[in-house]
Amino acid sequence: MKIRTCLLILILCCSVLQAASLEKDFQNPPASARPWVYWFWLNGNITRDGITADLEAMKRVGIGGVLIMEVDQGAPVGPVDFMGTQWRELFKHVVSEANRLGLEVNMNNDAGWNGSGGPWIKPEESMQKVVFSETDVEGPKRLEGVLPQPETVAGFYQDITVLAFPTPGSYRMPDIQVRAAYRVGGVGPLPESTLTPEMVIQQDKIADIGAKMDKTGKLTWDVPSGKWTIVRFGHTSTGAQNSPAPASGRGLECDKLSKEGSEANFNGMMAKLVADNGKGSALVATHVDSWENGSQNWTARMREEFQKRRGYDLQPFLPVMTGRVMGSLEISDRFLWDLRRTISELVVENYAGHIRDLAHANGLRFTIEAYGSPCDNIPYAGMADEPMGEFGDPGGAMETCRGMASAAHIYGKPIVGAE
């Protein structure tokens, strides 16, 4: 009985002490519990005095840190070009003043508030999409001619291959570009449709004749009897750019499916800022905000990645990406599912995961608004040190906080951000 009484008294004392500590910390929060704020810089209108005044005001009211984004939303263009010499000197002043005041700095990984891009991204390092041109011929005959080059964006185009097959009927699957790139689970099955045999491409009838085309696009091929469709497949930039960014910081969005694309963006900006300010400074994190840069369905090593992850070659199935049916609607839809799954995994691993690794190697945390992307948002958020949602309205935006909290719970992240 005495032991029970002592235990009860000990529990009560601990509860009282914890309550007192909670009340004290609530009235005067420790640094780890202070709120952070978005700090928007407006179109190059930045000064040393303004930086100091802003940070001192934040310190005065109990702010713990800032997430910096420079945007263009109609303000007159100021004198400081994004990531120019003067801009980088002013950013060093930010870090110095934050050190002095005991604040921390998280820098968005580009200008604007979406994606990862800028003028340092080359077209071949940007988000990629499959493009194609079609030529109908009738054999038997020997064909020697230049195939039309597919769409070229930002001056970049690279061939994938050339496929030929007996010309099918005119049926095309609806919304094929969405189906070929949208996030896993985001698109329902293909609609039921009555397909006659002549509308379907038979898998054993496809000829890969890419080796018969030279670098100029000239194809030399002995066309078999009958009507044939020749499709020249290639890839180019999607043309997506970071926004809403000042012109001096605007450029192509990096390839989200390759580590090379992620590195090109990190090295073009954040690695330079770390070098300017040193590891262990008040610059403690980098950030990727909400996904607003569309989708992509290709990267330079897509064929190899697909083979490794799905166990078969995607190249014979490329006609599906033109909206044509191969084998059957079911087979075509299964291929599109596999393609979306591969895209999802590459976004998670080569974009979010690789940026996290680059950030950690440079002494930074990584925060991300991991929703709305063409991938599975839970593992995408799991790549961040701090997943972030937004609660601007009680409907859709609030749901992102629930999703990010779920990811944090699954992956053991102690902090969830909320915009």
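Total residues in the stretch 198-225 satisfying the condition of being in contact with a strand residue (DSSP E or B) (Cβ under 9 Å, 6 or more places away or on another chain) and closer than 23 Å to Ile331 by Cβ: the figure is 12. Candidates are the residues of the stretch 196-253 that are at pLDDT 95 or above, open to solvent by 50 Å² or more (accessible area, probe 1.4 Å) and of a type in the set (A, V, I, L, M); the one that is nearest to the chain's Cα centre (by Cα) is Ala247.
Collect the residues in the stretch 19-66 that are in a loop (DSSP other than H, G, I, E, B) and surrounded by 13 or more Cβ atoms within 10 Å (Cβ to Cβ), keeping them in residue-number order. Result: Pro29, Arg34, Asn43, Gly44, Asn45, Ile46, Thr47, Ile63, Gly64.
Among residues of the stretch 321-341 that are under 23 Å from Leu257 (Cα atoms), those with a Cβ under 8 angstrom from a residue that is in a loop (DSSP other than H, G, I, E, B) and hydroxyl-bearing (Ser, Thr, Tyr), sequence gap 6+ or separate chain, pair up as Arg340/Tyr182. In the list Leu358, Leu364, Leu346, which residue meets the criterion of being in contact with a Ser or Thr (Cβ under 8 Å, 6 or more places away or on another chain), surrounded by fewer than 23 Cβ atoms within 10 Å (Cβ to Cβ), among the hydrophobic types (A, V, I, L, M, F, W, C) and in contact (Cβ under 8 Å) with a residue 60 or more places away in the chain? None of the other options fit; the residue is Leu358. In this structure, is Tyr371 open to solvent by less than 10 Å² (accessible area, probe 1.4 Å), within 13 Å of the chain's Cα centre (by Cα) and in contact (Cβ under 8 Å) with a residue 24 or more places away in the chain? Here the answer is no, as Tyr371 does not meet what is asked.
Residues that are open to solvent by less than 30 Å² (accessible area, probe 1.4 Å), free of Cβ contacts under 8 Å to residues at least 60 places away in the same chain and touching a Ser or Thr at 6+ places or on another chain (Cβ under 6 Å) do not occur anywhere in the stretch 67-78. Taken together, the residues in the stretch 305-337 that are crowded, with 18+ Cβ neighbours inside 10 Å and farther than 18 Å from Tyr171 by Cβ amount to 4.
The values are calculated or read from the model by the stated rules, or taken from the named source; none is laboratory data. Everything numeric here is computed off the predicted structure, so don't read it as measured data. Using ideal geometry, Cβ is built from the backbone for each residue, glycine included, and neighbour counts are taken over all protein chains shown. SASA here: full protein model, heavy atoms, side chains in, ligands and nucleic acids out. Shrake-Rupley method; radii C 1.70, N 1.55, O 1.52, S 1.80 Å.
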